[in-house]
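Contents: one structure, followed by commentary.
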Amino acid sequence: MKKWEENIRRVVPYTPGEQPKVPGMIKLNTNENPYPPAPGVRRALQEMEEEGFRLYPDPACSSLIEALSERYQRPREQFFVGVGSDDVLAMAFLTFFNSGRPILFPDITYSFYPVWAELFGIPYERPALDEEFWIVKEDYVRENGGIIFPNPNAPTGLYMELEDVEEILGNNPDVVVIVDEAYVDFAGPSALELVDRYENLLVVQTFSKSRSMAGMRIGFAVGNPCLIKYLNDVKYSFNSYTMSQAALELGAAAVRDEAYFQDKVKRLVATRERTKKELRALGFRFPDSGANFIFASHESCPAKEIFEALRERRIYVRYFDAPRLRDYLRITIGTDEQMDTLLKALKEITSEKG
Ligand code: PMP
């Protein structure tokens with residue numbers, strides 16, 4: 001190693017899902033939404049004024065925060081927005097997990113958490129999910145420097161009832177607890193309703209899944225104004241202009257179309273439930289997902305072989321070559337037509353190889 005290399009911060013980065021550009025492909029590998037964003041989003045893009053490109057954006061992100069505040073009926077001071085929930089979560093790690101004591105998150109969960117912990121030098125422990133992939137809430141009753149988990153969890157899709165989330169909060173009044181709700185709109189009630197009662201709770205959501213805007217990179221956090229102020233202090237110490245003016249205006253347009261949002265979420269949930277039935281009939285088993293994906297394993301056919309055979313047919317799903325995960329495929333819910341093509345391919349593959 002060269003002398004100058006010795007002082008370099010070396011990290012093992014997170015590996016994002018593949019973004020192949022193959023004509024005619026069916027892309028079910030990174031939990032994007034198959035439907036376009038609300039029609040108002042395109043209109044807002046067309047109507048963007050020249051100033052929106054020429055000038056710096058509003059550092060306080062007021063237009064988007066205003067729209068979120070109206071939609072969720074909460075004061076603006078409870079909102080923080082960022083460049084996808086990844087940005088919001090990274091800022092939250094940096095801001096809130098600063099005690100020197102280990103933070104806690106599940107052994108099987110969003111694989112960015114250990115990467116941020118390593119990057120920021122935060123010690124961590126990873127309580128194991130049970131045999132059925134459930135978070136064991138009793139494991140979160142011990143000395144710690146903060147807690148984070150997704151609800152629904154990833155890549156399992158399992159949604160924890162709010163009373164269990166509340167129990168974890170009740171047992172941890174002295175640290176910040178982050179609930180990462182990237183997929184909650186497809187599942188059940190959000191922990192947002194607990195924010196007024198637990199001042200140490202930060203709820204994080206994204207526009208990437210239920211609002212079809214992964215490409216615009218918009219995420220947000222909701223918490224009591226004191227938490228939000230600390231987050232903003234760190235943000236302004238890092239980069240004042242995290243969100244482009246386009247992201248702010250297009251995001252606000254998406255939030256304002258509630259009917260479209262409800263309609264598309266309902267449709268995806270219906271497709272998910274139908275897909276579950278058909279996968280079961282083909283010999284797959286899976287945790288009962290509340291997200292826009294299903295984490296499925298076949299009774300006789302190895303996941304890696306199915307993954308590769310699907311790829312040959314230009315159907316992309318996600319495969320994790322890791323302990324406890326390598327028997328499973330994570331399949332994003334697409335349109336009904338895409339699911340039909342997938343199911344037909346799975347039928348052929350599993351009868352050939354099974
Ligand atoms: N949290 C979880 C659990 C996720 O699966 C994802 C998607 N990769 C994210 C956060 C980040 O999503 P985004 O940055 O697109 O908001």
Breaking point among (1) surrounded by fewer than 19 Cβ atoms within 10 Å (Cβ to Cβ); (2) within 21 Å of the chain's Cα centre (by Cα), for Lys21: (2)
Condition test on Leu202, is it more than 15 Å from the ligand (Cβ to nearest atom) and either within 17 Å of the chain's Cα centre (by Cα) or modelled with pLDDT of 95 or more (or both)? no
Report whether or not Arg217 is basic (Lys, Arg), closer than 27 Å to Leu45 by Cα, within 16 Å of the ligand (Cβ to nearest atom) and buried (at least 22 other Cβ atoms within 10 Å of the Cβ). no
Among the numbered criteria (1) under 17 Å from Gly215 (Cα atoms); (2) away from the ligand (no atom under 16 Å from the Cβ); (3) open to solvent by 30 Å² or more (accessible area, probe 1.4 Å), which single criterion is violated by Arg54? (1)
Do you know which of the residues in segment 25-49 that are open to solvent by 70 Å² or more (accessible area, probe 1.4 Å) and either modelled with pLDDT under 95 or assigned to a loop (DSSP other than H, G, I, E, B) (or both) is nearest to the ligand (Cβ to nearest atom)? Pro36
Quick test for you: out of Val222, Val265, Val184, Val269, pick the one residue that is touching a strand residue (DSSP E or B) at 6+ places or on another chain (Cβ under 6 Å) and of a type outside the set (S, T, N, Q). Val222
Given the conditions (1) within 12 Å of the ligand (Cβ to nearest atom); (2) closer than 29 Å to Glu258 by Cα; (3) in a helix (DSSP H, G or I), report the number of the one that Tyr113 does not fulfil. (2)
Which residue out of Ala309, Ala291, Ala296 is in contact (Cβ under 8 Å) with a residue 12 or more places away in the chain, among the small types (Gly, Ala, Ser) and more than 28 Å from Glu161 (Cα to Cα)? Ala309
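Residue-by-condition table, conditions (1) without any contact (Cβ under 8 Å) to a residue 12 or more places away in the chain; (2) more than 12 Å from the ligand (Cβ to nearest atom); (3) outside any helix (DSSP H, G or I):
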{"residue": "Tyr198", "(1), (2), (3)": "no, yes, yes"}
{"residue": "Tyr230", "(1), (2), (3)": "no, yes, no"}
{"residue": "Glu249", "(1), (2), (3)": "no, yes, no"}
{"residue": "Ala259", "(1), (2), (3)": "yes, yes, no"}
{"residue": "Asp263", "(1), (2), (3)": "yes, yes, no"}
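The values are calculated or read from the model by the stated rules, or taken from the named source; none is laboratory data. The shown structure was predicted, so the numbers you read here are calculated from the model rather than taken from an experiment. Positions of Cβ are generated from backbone atoms using ideal geometry, with glycine treated the same way; all protein chains shown enter the neighbour counts. For accessibility, only protein heavy atoms count, side chains too; no ligands or nucleic acids. Shrake-Rupley method; radii C 1.70, N 1.55, O 1.52, S 1.80 Å.
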